[in-house]
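**Q** To start, I am sharing the structure in question, which I have written as structure tokens.
Read-outs: derived from the displayed coordinates by stated rules, not from any lab. Not measured: the values here are computed from a predicted model. Cβ: placed from backbone, ideal geometry, glycine included. Neighbour counts: every protein chain shown.
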Amino acid sequence: MFPIFALTRPRTLPLAVATVISAHALAYQQNHFNWHTFALSLLTVLLLQITSNIANDYGDGIRGTDTHRAAHAPKRYSVASAQNAHAVKRYLIIAVIASIISGIALLSSSLKTTHDWFIFLLLGATALIAALAYTIGRYAYGYYALGEVAVFLTFGWLGTLGNYYLQTHSYHPSLLLPATGSGLLAAAVLHINNIRDRQSDLIAGKRTLANYCSFSGSLKLQKIFLLTAFACYALYGFIAWQSALSLASLPLVWRHICRLNHANNEAQAGQELAAVVKIHFCANSLFAVGLILFS
């Protein structure tokens with residue numbers, strides 16, 4: 001059971017859940033909410049996240065990147081042998097097929113026009129390609145310091161605005177504020193992960209923002225991600241005061257930043273991964289709770 005369970009990286013799945021919940025809470029506030037659409041959205045986003053996680057292990061494994069992982073990094077399922085690589089590839093294919101089926105079911109139940117179908121098929125295909133191409137392929141973008149950008153777009157603009165549209169069939173520019181906040185917090189999750197692996201990634205030839213920066217520079221960037229995200233949530237609070245409940249998670253951010261200030265190396269900073277996942281989940285969940293309870 002270890003390969004299947006570990007490859008899904010269950011500790012990262014709250015990112016997908018929180019993104020969907022906050023997006024549909026925005027729709028709920030506008031009196032647009034369909035449980036069927038919500039359930040299929042949640043399933044599809046979770047499957048895409050699992051696909052990305054499996055693809056990440058597979059891509060890093062066949063490139064040999066994992067052989068350079070530091071001792072303090074979490075254990076990964078090895079794909080060094082042909083047998084293991086074949087097994088992981090099989091799990092990946094299953095995840096891709098499940099994502100496609102769930103995505104088509106979601107679009108079939110939510111969209112009404114050919115134009116919307118075309119746009120969301122394109123967006124869905126892009127999301128699936130992004131999930132696979134992070135570490136797989138000759139030009140895997142995760143090896144060219146584009147991981148944070150992809151995560152920002154996926155969990156931010158696409159995840160929030162796309163899910164909102166599936167419920168309401170509308171869009172408003174102000175939604176870019178919470179979408180940007182969610183995306184930046186998700187980028188912070190990946191960035192702290194890349195800080196942890198900064199030295200080993202450099203040895204393996206994997207270029208990330210963390211190893212383009214110095215150690216201190218990467219910590220500063222982490223703080224910028226977090227503080228800018230909450231600035232977006234605060235600004236949206238002037239538009240929908242109910243959403244300001246998300247700011248109740250600021251003490252978590254403060255404690256995280258304090259611990260970063262005392263981190264002397266990548267291993268110590270990397271211990272903050274779970275804390276950043278918690279920040280993302282709490283901020284988005286409180287954002288949603290405020291919109292639902294006080295609207």
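**Q** Could you compute the FRET efficiency for Thr228 and His115, with r as their C-beta to C-beta distance and R0 at 30 Å, rounded to 0.05?
**A** 0.35
**Q** On to the next question. When ranked by the protection proxy of mean other Cβ atoms within 10 Å per residue, highest first, what sequence do the peptides 239-252, 30-43 form?
**A** Numbers: 239-252: 17.9, 30-43: 16.1.
Ranked from most to least packed, the peptides come out as 239-252, 30-43.
**Q** Below 28 Å Cα-Cα, how many Lys pairs turn up in the chain? Only count pairs eight or more apart in sequence, or on different chains, if you could.
**A** Here the count comes out as 11.
**Q** Between Arg255 and Ile129, what is the label-point separation in nm under the 7 Å Cα-to-beta-carbon projection?
**A** 4.2
**Q** Arrange Cys232, Cys213, Cys258 by Cβ neighbour counts within 10 Å, fewest through most, would you?
**A** Listing Cys232, Cys213, Cys258 from fewest to most nearby Cβ atoms yields Cys258, Cys213, Cys232.
**Q** Once the piece of chain linking Ser216 and Leu122 is laid out straight, how much longer is it, given 0.36 nm per residue of separation minus the C-alpha distance between them? All intermediate terms of the calculation are to be shown ahead of the outcome.
**A** Values: separation 94, 0.36 × 94 = 33.84 nm, distance 3.90 nm.
Taking 0.36 nm per residue and subtracting the Cα distance, the gain is 29.9 nm.
**Q** Could I ask something else about it? From the list (i) -0.67, -0.90, -1.01, -1.38; (ii) -0.43, -0.64, -0.76, -1.41; (iii) -0.61, -0.80, -0.89, -1.32, can you say which value of log10 I(q)/I(0) by the Debye sum over Cα atoms at q = 0.09, 0.11, 0.12, 0.17 Å⁻¹ was derived from the structure given?
**A** Evaluating log10 I(q)/I(0) by the Debye sum over Cα atoms at q = 0.09, 0.11, 0.12, 0.17 Å⁻¹ on these atoms matches (ii).
**Q** For an R0 of 45 angstrom, estimate the FRET efficiency from the Cβ-Cβ distance between Ala248 and Arg207 and round to the nearest 0.05.
**A** 0.75
**Q** Here's a follow-up. If I model segment 146-211 as equal point scatterers sitting on the Cα atoms and use the Debye formula, what is log10 I(q)/I(0) at q = 0.15 Å⁻¹?
**A** Debye curve over Cα of segment 146-211, log10 I(q)/I(0) at q = 0.15 Å⁻¹: -0.52.
**Q** Neighbouring Cβ atoms within 10 Å as the yardstick, rank Thr208, Thr228 fewest first.
**A** So the residues, fewest neighbours to most, are Thr228, Thr208.
**Q** Any chance you could check the Cα centroid distance between segment 103-127 and segment 178-231 for me, in angstrom?
**A** Result: 31 Å between the Cα centres.
**Q** Starting at the first residue of segment 21-32, write each ³J(HN,Hα) from the Karplus equation 6.51 cos²θ - 1.76 cosθ + 1.60 with θ = phi - 60°, in whole Hz, x for Gly and Pro.
**A** Per-residue couplings from phi come out as 4, 5, 5, 6, 5, 4, 5, 4, 4, 8, 6, 10 Hz.
**Q** For Asp197, Asp116, what ranking results if the residue with the fewest other Cβ atoms within 10 Å of its Cβ goes first? Show your work: numbers first, answer last.
**A** Details: Asp197 23, Asp116 15.
Ordered by Cβ neighbours within 10 Å, fewest first: Asp116, Asp197.
**Q** Each residue of segment 127-134 in order: what ³J(HN,Hα) in whole Hz does its phi give by Karplus 6.51 cos²θ - 1.76 cosθ + 1.60, θ = phi - 60°, with x for Gly and Pro?
**A** Ordered by residue, 3J(HN,Hα) equals 5, 5, 4, 4, 5, 7, 7, 4 Hz.
**Q** Using θ = phi - 60° and the Karplus relation 6.51 cos²θ - 1.76 cosθ + 1.60, list the HN-Hα couplings for segment 267-273 in order, rounded to whole Hz, with x at every Gly or Pro.
**A** Result, ordered by residue: 4, 5, 5, x, 5, 8, 4 Hz.
**Q** Follow-up question, since we're still on this one. Based on the mean of other Cβ atoms within 10 Å per residue, sort peptides 126-132, 185-191 so the most packed one is first.
**A** Final packing ranking: 185-191, 126-132.
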